[in-house]
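Some notes on the structure that comes next.
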Amino acid sequence: MRIKVPEHLVPLDSILPEEPLLMMGAGPVPVPARVAAANGIVINHLGETMSQIVEQVKSMSRYVFQTENGRILGVAGPGSAAMEMAVANLVRPGSRVLSIVNGLFSGRLADMAERLEAEVTRLPVGEGLAAQPEQVEEYLRQYKPHVLTIVQGETSNTTWNHHLPEIARLAHEHDCLIIVDAVCTLSTMPLDMDEWNIDAVITGGQKGLSCIPGVSLVAFSERAWQFIQSRNDTLKHWCLDARLANRFWYEKSYHYTAPVSGILALHEALRLICNETLPVRFQRHMRCSEALQNGVQALGLSLYVEKSARLTSVLGIHVPDGIDAGALLQYMSKRYRVEISGSFGANIVRIGQMGEQCRTHNLFRTLHALGSSLQSMGMSLDLPAGVAALEGTLDAHEFA
Ligand SMILES: *Cc1c(COP(=O)(O)O)cnc(C)c1O
């Protein structure tokens with residue numbers, strides 16, 4: 001044996017802390033203990049248990065996506081792989097695509113369509129603003145796209161496209177398929193795939209669903225599925241070919257080795273959502289997000305996006321003058337073991353309100369860590385007022 005284990009790695013201690021950090025950023029989010037336990041199991045990817053799990057994942061997903069007959073397919077990959085699966089299967093080389101771009105993730109959908117050699121038109125939306133139906137309709141008239149892409153929530157700058165139902169209706173009227181990225185919003189706020197006539201909905205594990213990263217879902221409408229089946233060209237993406245994935249998800253046969261542990265975790269996450277029910281879950285998210293918004297403002301900080309277009313699942317907060325965002329995040333993590341996110345563009349920090357993040361005790365700990373860290377960094381703010389506003393809003397909802 002010529003090659004030895006590097007000396008500095010012997011003995012190798014675990015890097016992981018005994019007690020995990022509280023993950024309150026823009027994802028990944030904490031997972032319930034049952035989801036973590038399910039993720040620790042490996043079973044036969046084509047066995048009888050797996051096929052029952054797959055059936056249940058599909059029917060629970062249909063509830064979560066609110067679709068009677070949508071075609072549910074899982075993807076071994078990040079939310080971006082699910083985005084690429086939706087785009088690659090609905091966009092052909094030369095297809096006209098209209099991409100509503102509010103920020104990083106909605107821009108990624110446009111980039112993906114471009115790589116597939118589509119003719120992409122971007123509709124740029126001002127920073128922190130929601131896409132306006134009138135403008136979308138103008139673009140639909142002018143460019144006659146075959147596919148429209150949009151995010152429900154733009155995680156990167158915490159904007160909510162609250163006119164989504166109206167925009168989806170317009171797309172339908174113009175005979176255009178609509179792909180909706182709901183990675184950070186699904187199961188945190190209403191999204192009614194059938195009612196709104198959406199053709200593809202994308203989600204990832206590690207955000208709204210409060211599951212592990214690396215396992216994602218796509219739901220295709222019947223109209224989208226017909227289009228996919230009618231294609232006579234061969235998809236360039238073998239792993240992401242929906243017709244091949246259909247073998248595993250609908251025909252109990254082999255496409256690639258499914259991420260069994262991840263699917264078990266997803267099954268458990270979906271089961272928890274179904275047991276909670278969507279209305280109760282939406283209410284929990286609304287209550288927690290409002291309480292956090294009020295708490296943050298009562299501290300003396302300001303929120304990045306105006307109320308009407310403000311995303312509730314991820315909250316953007318202006319970094320106060322004289323404070324370095326990176327140093328703030330580091331301080332919160334080191335001293336309070338609470339992690340929140342910075343941003344890719346604007347000078348904001350972001351606090352997630354997805355799944356397990358929306359728990360009362362997590363809110364108190366996060367708001368305190370934020371306020372107290374800023375005070376230690378020399379900023380003067382009203383920590384008791386922040387905590388009181390948080391508590392007051394939570395109580396008001398509870399007794400409403
Ligand atoms: C996080 C996110 C993605 C990308 O998910 P990955 O798992 O990082 O690939 C896409 N869209 C939105 C809206 C997101 O929040």
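Taking the stated definitions as given, is Arg122 assigned to a helix (DSSP H, G or I), surrounded by fewer than 22 Cβ atoms within 10 Å (Cβ to Cβ), among the basic types (Lys, Arg) and at pLDDT 95 or above? Answer is no for this residue.
Residues of segment 57-91 that are more than 15 Å from the ligand (Cβ to nearest atom), assigned to a loop (DSSP other than H, G, I, E, B) and under 19 Å from the mean Cα position of the chain (by Cα): Gln66, Thr67.
For residues in segment 194-210 being more than 16 Å from the ligand (Cβ to nearest atom) and over 21 Å from Leu116 (Cα atoms), which is surrounded by the fewest Cβ atoms within 10 Å (Cβ to Cβ)? Break it down into steps so the answer makes sense when it comes.
Here is the first cut: in segment 194-210, the residues more than 16 Å from the ligand (Cβ to nearest atom) are 194-197, 199.
Right, trim to over 21 Å from Leu116 (Cα atoms) and you get 194-197.
Details: Asp194: 15, Glu195: 12, Trp196: 20, Asn197: 16.
By that ranking, first place goes to Glu195.
All of (1) out of contact with any Gly (no Cβ under 6 Å at 6 or more places or on another chain); (2) open to solvent by 10 Å² or more (accessible area, probe 1.4 Å); (3) within 16 Å of the ligand (Cβ to nearest atom) hold for Pro213 with one exception: (1). Taken as a whole, the condition of being open to solvent by less than 50 Å² (accessible area, probe 1.4 Å), assigned to a loop (DSSP other than H, G, I, E, B) and either among the hydrophobic types (A, V, I, L, M, F, W, C) or more than 16 Å from the ligand (Cβ to nearest atom) (or both) applies to Gly94.
Out of Leu209, Leu240, I need the residue that is touching a Ser or Thr at 6+ places or on another chain (Cβ under 9 Å), in contact (Cβ under 8 Å) with a residue 40 or more places away in the chain and of a type outside the set (Asp, Glu). Which one? It is Leu209.
From Met24, Met1, grab the single residue that is within 16 Å of the ligand (Cβ to nearest atom) and either without any contact (Cβ under 8 Å) to a residue 40 or more places away in the chain or open to solvent by less than 50 Å² (accessible area, probe 1.4 Å) (or both). I'd like the intermediate steps shown before the answer.
Working: Met1 fails: within 16 Å of the ligand (Cβ to nearest atom).
Criteria check complete, one pass: Met24.
If the condition is being part of a helix (DSSP H, G or I) and either of a type outside the set (D, E, K, R) or under 15 Å from Leu177 (Cβ atoms) (or both), then segment 125-161 contributes Pro133, Gln135, Val136, Tyr139, Leu140, Gln142, Tyr143.
The values are calculated or read from the model by the stated rules, or taken from the named source; none is laboratory data. Computed from a prediction, not measured in an experiment: that's the story for all the values here. FYI the Cβ positions are ideal-geometry reconstructions off the backbone, even for glycines, and counts take in every protein chain you see. Areas reflect the complete protein model, heavy atoms only, side chains present, ligands, DNA and RNA absent. Shrake-Rupley method; radii C 1.70, N 1.55, O 1.52, S 1.80 Å.
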